[in-house]
Amino acid sequence: MLRLIAVLLAVAGMLPAWNADAGQFKVLVVHSYHREMPWTVQCDRGIHEILGEIAQLDMVYLDTKRIPESEFAGRAEAAMDVFRRVDPDLVMLGDDNALRLLGPRMADSGKPVVFFGINNNPRKYFREGIPGNVTGVLERVPLFPWLRHLIRIIPDPKTALVLMDDSPTSRAIVEVNFMDRKQVFLDRVSVGYEMAANWAEWQQVILGHRKYDFITMPLYHNLRDASGRYVPVEEVIRWTSEHSPVPIFAYQDYAVGDDGAVGSYVIFGEQHARLAALIARDILEGKTPRPPSASMDQQGTFFFNKKQLARFGLTLPEDIRSRAEFR
């Protein structure tokens with residue numbers, strides 16, 4: 001019983017619903033990750049902007065980036081307890097783990113389910129295809145668009161590495177972008193990928209003998225050291241920047257800095273979740289649900305750090321520099 005209470009506290013955070021008296025509808029939002037993760041914070045803002053005045057919002061955070069996979073089932077069961085207690089008019093499921101762990105069960109209740117932040121094909125999470133009461137917005141990390149920009153920034157590049165943690169989201173990115181290939185060519189540049197199972201493997205890749213002209217890091221949020229300690233993203237970014245002999249680039253604005261990545265190409269979670277919340281609002285107001293779509297376009301924002309650009313002697317093309325923000 002004490003363990004169950006602890007799990008419930010961790011999942012729901014015993015947080016009061018946002019705007020609990022604000023609206024006529026009840027919406028349960030289940031995030032795959034922890035409340036403080038920047039992507040989650042951005043998504044919460046987007047959802048609140050659209051639904052905050054018409055719905056009571058109850059938030060659940062599964063924290064699947066930081067807890068071991070052996071605890072996923074317990075967190076999912078605790079989230080189902082919250083679902084039954086709240087009895088929402090609609091559920092929003094954020095990112096692949098929430099949809100995989102909870103989508104089929106919540107959809108079976110007949111409640112409308114709206115997903116967001118999904119990198120994989122959502123059909124994979126349902127035995128017989130996506131049910132009629134499930135829709136949402138796919139997230140597509142702009143992997144190749146960013147690489148094509150970087151090929152113009154790096155002088156005469158020959159090889160590039162996409163470095164990620166070994167997580168369901170990373171595997172989805174590989175499946176969507178690389179399919180069965182370990183290596184692809186973009187504008188005659190060889191692009192490969194590595195998925196590090198732990199912090200030691202990540203460090204080995206950075207310090208290893210294989211040479212690349214630059215490295216991009218879509219995901220580094222699920223790394224543990226030899227003692228099992230979760231390695232905070234700030235530590236990963238700082239160490240990687242310090243020890244990498246070649247420029248590193250990310251996909252999050254907070255990764256860019258004097259002791260961080262050279263640059264990033266960012267699609268904000270706030271806008272992505274806002275699109276999903278608009279779908280949810282239509283459903284709550286009785287409009288015909290939209291089919292699942294990749295509504296999130298790949299027109300991102302550039303962020304660069306001048307100190308890191310100077311460190312590697314990089315000059316931005318004018319069309320990129322004029323659109324960039326500097327940190």
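The values are calculated or read from the model by the stated rules, or taken from the named source; none is laboratory data. Remember, predicted model here, so these are calculated numbers, not experimental data. Backbone-built Cβ (ideal geometry, glycine too); neighbour counts: all protein chains shown. Just the protein is used for accessible areas: all its heavy atoms, side chains included, with ligands, DNA and RNA removed. Shrake-Rupley method; radii C 1.70, N 1.55, O 1.52, S 1.80 Å.
Helix-derived [θ] at 222 nm for the chain: sum -39500 (n - 2.57) over DSSP H runs of at least 4, divide by residue count, nearest 500?
When only DSSP H runs of four or more count, the value is -11000 deg cm²/dmol.
Between HIS243 and LYS158, take the C-beta separation as r, use R0 = 22 Å, and let me know the FRET efficiency to the nearest 0.05.
According to the calculation, E is roughly 0.50.
Over the stretch 121-204, what is the mean sequence separation of C-alpha contacts under 8 Å (at least six apart), divided by residue count, expressed as relative contact order in percent?
30
Please report the relative contact order for the stretch 231-286, taking Cα pairs under 8 Å with a sequence separation of at least 6, and give it as a percent rounded to a whole number.
RCO, the stretch 231-286: 25 percent.
So which trypsin sites (Lys or Arg not before Pro) in the stretch 167-265 end up in coil per DSSP with only 13 or fewer other C-beta atoms within 10 Å? It would help to have the intermediate numbers written out before the result.
Numbers: sites: ARG171, ARG181, LYS182, ARG188, ARG210, LYS211, ARG224, ARG229, ARG238; in loops: ARG181, LYS182, ARG188, ARG210, LYS211, ARG229.
Those satisfying the criteria are ARG181, LYS182, ARG188, ARG210, LYS211, ARG229.
Taking a point 7 angstrom from the Cα of LEU207 along the C-beta vector, which residues in the stretch 231-256 have backbone N less than 20 Å away?
231-248
Ignoring ligands, DNA and RNA, what percent of the accessible area of the stretch 102-220 is carbon or sulfur (1.4 Å)? Write out the running numbers ahead of the final one.
Working: 2580 of 5300 Å².
C and S fraction of accessible area: 49 percent.
What are the ³J(HN,Hα) couplings of the stretch 196-204, residue after residue, when phi is run through the Karplus curve with 6.51, -1.76, 1.60 and θ = phi - 60°? Round to Hz, x for glycine and proline.
Using θ = phi - 60°, the values come out as 8, 6, 7, 5, 5, 5, 4, 5, 5 Hz.
Between [x] 1.01; [y] 0.98; [z] 1.06, which entry matches Rg/Rh (Cα atoms, Kirkwood Rh) as derived from the coordinates of this structure?
Among [x] 1.01; [y] 0.98; [z] 1.06, the one calculated here is [y].
Taking the Cα of TYR230, stepping 7 Å toward and past its beta carbon, and measuring to each backbone N in the stretch 34-68: which are under 17 Å?
34-42, 60-68
Below 8 Å, C-alpha to C-alpha, sequence gap of six or more: please give me the relative contact order for the chain in percent.
Values: 621 pairs, mean separation 56.4, N = 327.
Rounded, it is 17 percent for the chain.
Which whole-number value in Å² is the accessible area per residue of the stretch 152-198, probe 1.4 Å?
On a per-residue basis, the stretch 152-198 sits at 48 Å².
PRE reach from ASP319 (point 7 Å along Cα→Cβ): which of the stretch 167-189 fall under 20 Å by backbone N?
186-189
Can you tell me the 0 to 90 degree angle between the C-alpha axis of helix 2-12 and the longest principal axis of the chain, rounded to 10?
Approximately 70 degrees, to the nearest 10.
Compute the angle between helix 38-51 and the longest alpha-carbon principal axis of the chain, please, reported from 0 to 90 degrees and rounded to the nearest 10.
40
Across the chain, where is the longest run that never hits GluC sites (Glu not before Pro) in a DSSP loop with at most 16 other C-beta atoms within 10 Å?
129-284
What is the extension gain from GLU175 to GLU77, computed as 0.36 nm multiplied by their sequence separation minus the C-alpha to C-alpha distance, in nm to one decimal?
Full extension of this stretch gives 32.4 nm more.
Counting Lys and Arg as +1 and Asp and Glu as -1, each charge on the Cβ, what is the dipole of the chain about the Cα centre in debye, to the nearest 20?
Computed about the Cα centre, the dipole is about 580 debye.
Relative to the longest principal axis of the chain, what angle (0 to 90°, nearest 10) does the C-alpha long axis of helix 143-153 take?
Taking the Cα atoms of the chain, the angle to 143-153 is about 30 degrees.
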